[in-house]
Structures are given as structure tokens and as C-alpha cells.
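Structure record follows, encoded as C-alpha cells.
The values are calculated or read from the model by the stated rules, or taken from the named source; none is laboratory data. On a predicted model such as this, the values are computed, not experimentally measured, just so you know. For neighbour counting, all protein chains shown are included, and Cβ atoms are generated from backbone atoms with ideal geometry for every residue, glycine included. Accessible surface is based on the protein model in full, side chains and every heavy atom, while ligands, DNA and RNA are left aside. Shrake-Rupley method; radii C 1.70, N 1.55, O 1.52, S 1.80 Å.
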Amino acid sequence: SVIKIRNDAFQYCSSLTNLTIPASVAKIGRHAFNGCNSLKNVSIENPEFKKSDIKRVFGDSPSFTEVKIGNKVVHLN
């Protein structure tokens, strides 16, 4: 039933290692997961999310090298 994750909601949460954001989430706020340096597996089930949104949500240097968006795997440079 979650449709929005607010700005800074999980910022610097070092215990997060795996993250699945359900398709029901239409908006993810700025820096919602910034500084979550233990994240290794990230899946965003809403296919409307774009690769360009990753920096806004996860910060400049996410700890993971790929993210699943919808049913596609996106590799980060």
C-alpha cells in the first residue's frame, strides 16, 4: 500500500543490504537512500523509474553496480 518514499527516509541506513521497492511506489524522494553503503542488491519494480533517477535517490556514489528496474537490469558506470 506504500505509494511514496519521502526525502531522506532511509538516508545513511547502513544495515540495508537488499532492497526491493514494489511497483506501487510511484515516487521516491530526493536522497531517500543516500549513504546506504551496504546496499548490494537493488530492485525497483516500477518500470517508470529511470536510470537518471538513481543519483537523485541513492546519491553520487551508490555501493551497487547494477539495479533491476521493472524487468530490465541496468548497469551503472
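Results, tabulated for the structure shown:
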{"item": "Debye, to nearest 20: dipole size of the chain, +1 on Lys, Arg Cβ, -1 on Asp, Glu Cβ", "result": "140"}
{"item": "Under-5 Å amide H pairs with Ile69, H placed in peptide plane, nonlocal only", "result": "Ile44, Val74"}
{"item": "Relative contact order (percent, whole number), the chain, Cα cutoff 8 Å, 6+ residue spacing", "result": "29"}
{"item": "Global size of the chain as Cα Rg and Dmax, reported in angstrom", "result": "11.1, 33"}
{"item": "Integer Hz, Karplus 6.51/-1.76/1.60 couplings in order for the stretch 65-74, x for Gly and Pro", "result": "10, 8, 9, 8, 10, x, 10, 10, 8, 10"}
{"item": "Per residue solvent-accessible surface (Å²) - the chain, probe of 1.4 Å", "result": "64"}
{"item": "Hz values of 3J(HN,Hα) by residue in the stretch 7-18 - Karplus curve (6.51, -1.76, 1.60), Gly and Pro given as x", "result": "3, 6, 4, 10, 4, 6, 7, 6, 8, 6, 10, 10"}
{"item": "Residue-wise HN-Hα coupling along the stretch 26-38, computed from phi with Karplus coefficients 6.51, -1.76, 1.60 (Hz; x: Gly, Pro)", "result": "8, 9, 10, x, 4, 6, 4, 10, 4, x, 7, 6, 9"}
{"item": "Relative packing of peptides 5-12, 55-62, 30-37 - highest average C-beta neighbours within 10 Å first", "result": "30-37, 55-62, 5-12"}
{"item": "Choice from Ser14, Ser52, Ser63 with maximal GNM fluctuation in the chain (Cα, 10 Å cutoff)", "result": "Ser52"}
